[in-house]
Amino acid sequence: MIGLLITLVLFPLAGCVAGRRTFSESFLIGVGAVGAALFVGGVLGVPFVVTLVLLMSVAIARFFWRRDERAVNDEFPRLATFATIIPLLLLTFIAAITPLTDFDGRAFWLLKAKALAHDRSIDGPFFQNREVWSPRNQYPLLIPLDAATIMSLAADSDDHQVRFLYLGIFAALTFHIRNRLAKLVEPRVAAWCAALFVWIPQFAIGDAGGALTAYNDIAVAAFVACAFFELMERERPLMFGVWLAFLTLTKSEGLPLAIILAAIGAFWFRRRIAISLAPLAVAAIALAAWRSGIPHTDEEPFLSRLPLLPERLDRILPAIGGVVRHAMTFNSWGIFWLAAIVAVTLLATRSEWRPAAVIVAVAAMYVVVYAISAWNTDLLIDQSVDRLLMHIAGPALCAISACVRSR
Amino acid sequence: MTRRNLALAAIVISLVASTAAPLARLVSQAASLRKLSLYERRVRLLGNSYQGVVDVLRRVRRDEPLALVARVNAEGEDAVAVFFNYYAYPHTTWTYLGLPLYALDRNPHRPKTLVGFRGGPHLTTYAALRAESMTGALLDVAPSKEARRELLVPFVVSVDGPPPDVYTVEAIFETDGVANVDVVVYPRGATRRLVVHRRLVVRDLHYEVTRDLGLGWARIRSAAPLRAVFALVNRGTGAVTPIRIVDSLPSLPIRFPARPNAFVWLVNVDAAPLVVTAGGTDALVPPHGIIRVDNDVEVRAPRPLFAFLAEKKERGGTEFTWPQ
């Protein structure tokens, strides 16, 4: 239970580095800030403990000095809140008892977390392949650094200490969606959208990417959703850029996702997009610098395969078909994506293009990746597309909520 | 209720419907695991793939590097090796996808302790993994019509050459009923009783008896008349070369036709050392020993022994020349 305690205290407190926010937003900022600070600090050779102490000092100072700027006083329907909390409590019960059994979480992400907790370095013996074979050695380290921090503070690198990090991100994203949709749409619809979000099978119980696994896709979904809400509100370009920076350091597809979001953001933020690009640039440079100093193992070099696209155009339609087939799989998504497609289309007819722009651009990127991959396209789609659909669930939910609000 | 509310309700209901049952199963599973220790929970869910890691780690020193050797053609074994790393970390491991990669690794720090993954992680040896990697027999000839109760096999080997050469001696035993067949492989003196129910195919006779790699000769005694055939097999190339069964030792001196590229193999079947003149020199063959000397056309010795020529051929084959 010490892992749960650390998770519930460390990240919301670290999130106060951006000022006092709602608990859910602070949690998500904290997850990003701790991982990103340790990563960038690591690239600069700053010891983890120094970075963490500095970050937490600033966060604690800001917690006391700057009062709440985003208090949520909305009244949400009790039934919706109840429907939101019940699955989260059940998932907490499961996570507290059932050991981790997923593939990527153990094989890639938490193995890195253990190494980070042990070596206290982002380019130490593990990442030089001198301790064990490190599959996907060049995967970004934001979430493993968060997990490593929990392990270090708990003085225990067993994965049961970090189960609540992933569940915590899911819960925080749920309540952040509720709070933001309450502002963007209306509290009643926001509450029910949060309730439906928490019941999406792929998020709640998906054995590849769900809240009970140690995959990083919920974190990507969270940072995309947070960036998207900044895009919708058009008030904080710096925060928009910070979310994009977190996204860049979370998964390999984070950087292209961030670039897509930044490109779309440029239409709404206009010149202020330059402010957003600063944190994104720092993250991208740090990631490139780190990757140049470690051996690459077994990740497919999609960028270098991009020139193959003209000769692989015949794969585009089957790839789109595969994505749609998975999106319509009832056991993974219910009728969520059916509703989302209808909602996005309706919004587009009302000249609200932002959800459509993000969903279509990101989906198009993934379809292109499927087309140029050296893998068997069907196999790759079967293994990954549900996780990739998670990344754009936030904008989809925003579209659904906008369509079902009262006039 | 407006149409919008109905739409929202339909989405929520569809999601609750698809999540509720699996979620309930997970809750039930968690409840059933609640009173177990973390180790027991993992064993319950992950089985041998976890239990084996713990067992291996209990048996080795913390600073002893491990070679994790996963079979390439065994589905999922590479993943079990990855998860071994996960649970064993920070124990130092070197992962090899396939035994040949381990064999070819000339790094002086290559771990000497091997972990195999067939049936779950376990400590093993190179020889055992090599035996595990073999499937099917290449020897496809009928045993001799002549039945024996005692025989010598002058060359029994289980060694690897440069890739892809993997040498074994395959044997086929046939009896009319059930027979206990005692095989002694020299010079080690390792013994194994094989029980032959009418027919028994042995892929790697040396390993089956010694549980190790090596080279020697075999004395075989059977409780019932036994028909047998033996062959040197290169499993890497598929080359199969029959090996002569020895009923009696040849008279001295032993003469061979001139074969400039062949080596002379000398087999001392006695428990006393033997000085043999062959290959232009006097060679000492240890008790129950087998040695190789340079090419010669004549082998002389103070008492009987067995000798034969062996010559490497193309594509991993071998040509034997037996004494007349």
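Just so you know, all these numbers are worked out from the coordinates, no wet-lab data involved. Worth saying up front: this structure is predicted, and the values here are computed from it rather than measured. Ideal geometry is used to build each Cβ from the backbone, glycine not excepted, and the neighbour counts take in all protein chains shown.
After finding the eigenvalues of the alpha carbon gyration tensor for the stretch A:361-407, what semi-axes result from the square roots of 5 times each, listed largest first in whole Å? Walk me through the numbers on the way to the answer.
Numbers: eigenvalues 176, 20, 8 Å².
One finds semi-axes of 30, 10, 6 Å for the stretch A:361-407.
When you count, for each residue, the other Cβ atoms within 10 Å and take the mean per peptide, how do A:178-187, B:255-264 rank with the highest first? Walk me through the intermediate numbers first.
Working: A:178-187: 21.3, B:255-264: 14.7.
Ranked from most to least packed, the peptides come out as A:178-187, B:255-264.
Averaging sequence separations of C-alpha pairs under 8 Å and six or more residues apart, then dividing by the length of the stretch A:266-407, give the relative contact order as a whole percent. Each step should come with its number before you reach the end.
Values: 91 pairs, mean separation 44.9, N = 142.
Once divided by the residue count of the stretch A:266-407, the mean separation gives 32 percent.
Sticking with the crude label model, points 7 Å out along Cα→Cβ, report the distance from residue B:198 to residue A:9 in nm, one decimal please.
Label-label distance for residue B:198 and residue A:9, simple model: 7.4 nm.
Counting pairs of alpha carbon atoms under 8 Å apart in space and at least six apart in sequence, what relative contact order in percent does chain A give? The partial results should precede the final answer.
Working: 651 pairs, mean separation 71.8, N = 407.
It comes to 18 percent, rounded to a whole number.
Seen from all sides and averaged, what is the projected area of the convex hull of the Cα atoms in chain B, in nm²? It would help to have the intermediate numbers written out before the result.
On the way: hull surface 107.5 nm².
For the Cα atoms of chain B, the hull's average projected area reads 26.9 nm².
Per residue of A:187-193, how many C-beta atoms from partner chains lie within 10 Å of its own C-beta, taken as a mean? Please report the intermediate quantities before stating the final value.
Numbers: counts 0, 2, 3, 0, 0, 5, 3.
Mean number of neighbouring Cβ atoms from other chains: 2.
Please give the FRET efficiency for residue A:325 paired with residue B:113, using the beta carbon to beta carbon distance and R0 = 56 Å, rounded to the nearest 0.05.
Result of the calculation: an efficiency of 0.75.
Kindly provide the pair-distance distribution of the stretch B:150-262 built from C-alpha pairs, with 10 Å bins from 0 and whole-percent values in order of increasing distance.
Spelled out per bin, shortest first, that is 14, 43, 32, 11, 1.
Nothing charged except the Cβ atoms of Lys and Arg (+1) and of Asp and Glu (-1): what's the magnitude of the dipole of the protein assembly as shown about its Cα centre? Round to the nearest 20 debye.
Numbers: 75 positive and 60 negative charges, 329 e Å.
Computed charge dipole of the protein assembly as shown: roughly 1580 debye.
Can you give me the distance in nm between label points at residue B:149 and residue B:62, each placed 7 Å from the Cα along the Cα-to-Cβ direction?
So the two model labels end up 6.1 nm from each other.
To make sure I understand the rule: partners must be lysines, Cα under 28 Å from the Cα of residue A:112, and not fewer than 8 residues away in the same chain. Which ones qualify?
A:251, B:112
Grab the DSSP H runs of chain A that are 4 residues or longer, score each as -39,500 (n - 2.57), total them, divide by all residues and round the 222 nm result to the nearest 500 deg cm²/dmol.
Helices in chain A give a 222 nm mean residue ellipticity of -22000 deg cm²/dmol.
What do you get for GluC sites (Glu not before Pro) in the stretch B:131-190 restricted to DSSP loop and a cutoff of at most 13 other Cβ within 10 Å of the site's Cβ? Spell out each step's value before the answer.
Working: sites: B:132, B:146, B:150, B:170, B:174; in loops: B:146.
Passing sites in the stretch B:131-190 are B:146.
Along its three principal axes, how long is the stretch B:1-127 when you only count alpha carbons? Whole Å, largest extent first please.
For the stretch B:1-127, the Cα spread along each principal axis is 76, 34, 24 Å.
Rounded to the nearest 500 deg cm²/dmol, what is the calculated helix-only ellipticity per residue at 222 nm for chain B, with -39500 (n - 2.57) per DSSP H run of length n ≥ 4? Can you show the working numbers first?
Values: 7 runs with 83 residues, N = 324.
Rounded to the nearest 500, the figure is -8000 deg cm²/dmol.
Once you list every other residue whose beta carbon is under 10 Å from the beta carbon of residue A:232, what net charge do they have if Lys and Arg are +1 and Asp and Glu are -1? Could you put the intermediate results ahead of the total?
Values: positive: A:180, A:183, A:234, A:354; negative: A:230, A:233, A:235, A:352.
It works out to a net charge of 0.
Express the Stokes-Einstein translational diffusion coefficient of the stretch B:188-324 in µm² s⁻¹, to the nearest whole number, given a Kirkwood radius over alpha-carbon pairs, 20 °C and a viscosity of 1.002 mPa s.
Details: Rh = 16.4 Å.
The estimated diffusion coefficient comes to 131 µm²/s.
Can you tell which of A:113, A:148, A:371 shows the greatest fluctuation in a Gaussian network model of chain A with Cα springs below 10 Å?
A:371
Round to the nearest 0.05 the FRET efficiency obtained for residue A:281 and residue B:2 when R0 = 30 Å and r is the Cβ-Cβ distance.
0.05
For chain B, calculate the relative contact order in percent as a whole number, restricting contacts to Cα pairs under 8 Å that are 6 or more residues apart. Can you show the working numbers first?
On the way: 671 pairs, mean separation 40.7, N = 324.
Computed value for chain B: 13 percent relative contact order.
Under a Cβ-only charge scheme (Lys and Arg +1, Asp and Glu -1), can you give me the dipole magnitude of the stretch B:46-184 about the Cα centre, in debye to the nearest 20? The partial results should precede the final answer.
On the way: 13 positive and 17 negative charges, 129 e Å.
For the stretch B:46-184, the charge dipole is close to 620 debye.
Highest mean first, how do A:372-382, B:74-84, A:241-251 rank when packing is the count of other Cβ atoms within 10 Å averaged over residues? Please report the intermediate quantities before stating the final value.
On the way: A:372-382: 15.2, B:74-84: 18.4, A:241-251: 28.3.
Those peptides, ordered most packed to least, come out A:241-251, B:74-84, A:372-382.
For a quick check of your reading of the filter: which trypsin sites (Lys or Arg not before Pro) in the stretch B:45-106 sit in a DSSP loop and have no more than 12 other Cβ atoms within 10 Å?
Numbers: sites: B:58, B:59, B:61, B:62, B:71, B:106; in loops: B:61, B:62, B:71, B:106.
In loop regions of the stretch B:45-106 (DSSP not H, G, I, E or B), the sparsely surrounded trypsin sites (Lys or Arg not before Pro) are B:61, B:62, B:106.
For the stretch B:173-324, with only Lys/Arg (+1) and Asp/Glu (-1) charged at the beta-carbon, what is the dipole magnitude about the Cα centre, in debye rounded to 20? Please list the in-between numbers first.
Details: 20 positive and 15 negative charges, 80 e Å.
Value, rounded to 20: 380 debye.
If you add up the charges near residue B:33, with Lys and Arg at +1 and Asp and Glu at -1, over every other residue whose beta carbon is less than 9 angstrom from its beta carbon, what do you get?
Details: positive: B:34, B:35, B:41, B:44; negative: B:40.
Net charge in that neighbourhood comes out at +3.
Per residue of A:333-340, count partner chain C-beta atoms within 10 Å of its C-beta, then hand back the mean as an integer.
On the way: counts 3, 10, 9, 5, 0, 3, 6, 1.
Counting other chains' Cβ atoms within 10 Å and averaging over A:333-340 gives 5.
Highest mean first, what order results for A:75-81, B:39-45 on Cβ atoms within 10 Å?
B:39-45, A:75-81
Can you give the Rg and Dmax of the stretch A:235-354 based on its C-alpha atoms, in angstrom?
Expressed in Å, the Cα Rg and Dmax of the stretch A:235-354 come to 17.9, 50.
State the dimensionless ratio Rg/Rh of the protein assembly as shown (Rg: radius of gyration of Cα atoms; Rh: Kirkwood radius).
On the way: Rg = 33.9 Å, Rh = 29.9 Å.
Rounded to two decimals, Rg/Rh equals 1.14.
Pulled fully out, how much extra length does the chain show between residue A:270 and residue A:304, if you take 0.36 nm times their separation in residues and subtract their Cα-Cα distance?
9.1 nm
What FRET efficiency comes out for the pair residue B:35/residue A:62, r = Cβ-Cβ distance, R0 = 35 Å, nearest 0.05?
Values: r = 44 Å, r/R0 = 1.27.
The computed FRET efficiency comes out at 0.20.
In 5 Å bins starting at zero, report the fraction of Cα pairs in the stretch B:112-157 per bin as a rounded %.
Taking all Cα pairs of the stretch B:112-157, the binned fractions are 5, 13, 17, 15, 12, 13, 11, 9, 5, 0 percent.
Can you list residues from other chains, or at least 5 along the same chain, whose modelled amide H is less than 5 Å from the amide H of residue B:283?
Under 5 Å from the amide H of residue B:283 lie the amide H atoms of B:276, B:277, B:278, each far enough along the sequence or on another chain.
Does the stretch A:128-268 come out rounded, prolate or oblate by the C-alpha gyration tensor, with a ≥ b ≥ c the root eigenvalues, rounded set by a/c under 1.5 and, if not, prolate when a/b is larger than b/c and oblate if not? Walk me through the intermediate numbers first.
Details: a/c = 2.25, a/b = 1.40, b/c = 1.61.
Oblate shape, in that a/c is at least 1.5 and b/c is the bigger or equal ratio.
Pick out, in residue order, every one of the trypsin sites (Lys or Arg not before Pro) in the stretch A:322-396 that is DSSP loop and has at most 14 other C-beta atoms within 10 Å; say none if there are none.
Numbers: sites: A:325, A:350, A:387; in loops: A:350.
Passing both the DSSP loop test and the Cβ count: A:350.
On full extension of the chain, what length is gained from residue B:319 through residue B:25, given 0.36 nm per residue of separation minus the C-alpha to C-alpha distance?
Numbers: separation 294, 0.36 × 294 = 105.84 nm, distance 6.47 nm.
Stretched out fully, the residue B:319 to residue B:25 stretch lengthens by 99.4 nm.
Quick one: work out Rg over Rh on the C-alpha atoms of chain A, Rh as Kirkwood radius.
Values: Rg = 20.0 Å, Rh = 21.3 Å.
Here Rg/Rh amounts to 0.94.
Using Cα springs under 10 Å in a Gaussian network model of chain A, which residue among A:237, A:307, A:99 shows the largest mean-square fluctuation?
Evaluated over chain A, the most mobile residue of the options is A:307.
Multiply the residue gap between residue A:86 and residue A:235 by 0.36 nm, knock off their C-alpha separation, and tell me the result in nm, one decimal place. Please list the in-between numbers first.
Values: separation 149, 0.36 × 149 = 53.64 nm, distance 3.36 nm.
So the extension gain works out to 50.3 nm.
What is the average number of partner chain Cβ atoms found within 10 Å of a Cβ in B:2-12? Intermediate results must be reported in sequence, preceding the final value.
Values: counts 3, 1, 6, 5, 1, 7, 13, 3, 4, 16, 11.
Average neighbour count from other chains, rounded to a whole number: 6.
Please compute the modelled spin-label separation between residue B:135 and residue B:159, points set 7 Å along Cα→Cβ, answer in nm with one decimal.
The answer from the label model is 2.9 nm.
Tell me, how many Å apart are the Cα centres for the stretch B:294-312 and for the stretch B:151-202?
Cα centres, the stretch B:294-312 to the stretch B:151-202: 23 Å.
Straight-line reach only, C-alpha to C-alpha below 14 angstrom: list the aspartates and glutamates that residue B:313 could link to, leaving out same-chain residues fewer than 8 apart.
B:165
Between beta-carbons, use under 11 Å as the cut-off and find the net charge around residue B:245, counting Lys and Arg +1, Asp and Glu -1. Don't jump to the answer; show the numbers that get you there.
On the way: positive: B:148, B:227, B:244; negative: B:146, B:150, B:247.
Once positives and negatives cancel, what remains is 0.
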